[in-house]
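Trainee: The structure is given below, and queries will be raised subsequently.
The values are calculated or read from the model by the stated rules, or taken from the named source; none is laboratory data. These figures come from a predicted structure and were not determined experimentally. Reconstructed Cβ throughout: ideal geometry from the backbone, glycine too, with neighbour counts over all protein chains shown.
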């Protein structure tokens, strides 16, 4: 189980926050507005900047998700192997890009592109 999911399950006592989040998620799906911002009064990335532990958990969760999904994505997009240079926009810590480069034995160049704070956290 990815670290972030484990934390949510272990910290979730089924109480009020869980109800609020499920209600906000439903509204967000219909409105297109940020449910996270509605609950926390700031966007996710702003919120993560205030809590280094939460930032680390988020980064690890995103990296885990990328690693888990990479084999299926690579299988669904075989033409990736014909690329000479692959750029992952919003690539986070670079886990997906690394998986693609490994799969194709580093026969292409790779660029991981993300926000400056995300790149700084990946070092």
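Trainee: Considering only residues that are touching a residue at least 24 places away in the same chain (Cβ under 8 Å) and either surrounded by 12 or more Cβ atoms within 10 Å (Cβ to Cβ) or under 30 Å from residue 40 (Cβ atoms) (or both), which ones fall in the stretch 92-109?
Mentor: Residues satisfying the conditions are 92, 93, 94, 95, 96, 99, 100, 103, 104, 108.
Trainee: Would you be able to say whether some residue in the stretch 59-72 is at pLDDT below 85, assigned to a helix (DSSP H, G or I), surrounded by fewer than 16 Cβ atoms within 10 Å (Cβ to Cβ) and touching a helix residue (DSSP H, G or I) at 6+ places or on another chain (Cβ under 6 Å)?
Mentor: There is no residue in the stretch 59-72 that is at pLDDT below 85, assigned to a helix (DSSP H, G or I), surrounded by fewer than 16 Cβ atoms within 10 Å (Cβ to Cβ) and touching a helix residue (DSSP H, G or I) at 6+ places or on another chain (Cβ under 6 Å).
Trainee: Let me ask something else about it. Kindly establish whether residue 26 is at pLDDT below 80, surrounded by 11 or more Cβ atoms within 10 Å (Cβ to Cβ) and not assigned by the TED database to the domain that holds residue 117.
Mentor: yes
Trainee: For the stretch 40-55, which positions are free of Cβ contacts under 8 Å to residues at least 60 places away in the same chain and either surrounded by 15 or more Cβ atoms within 10 Å (Cβ to Cβ) or assigned to a helix (DSSP H, G or I) (or both)?
Mentor: Listed by number, the residues that qualify are 40, 44, 46, 47, 48, 52, 53, 54.
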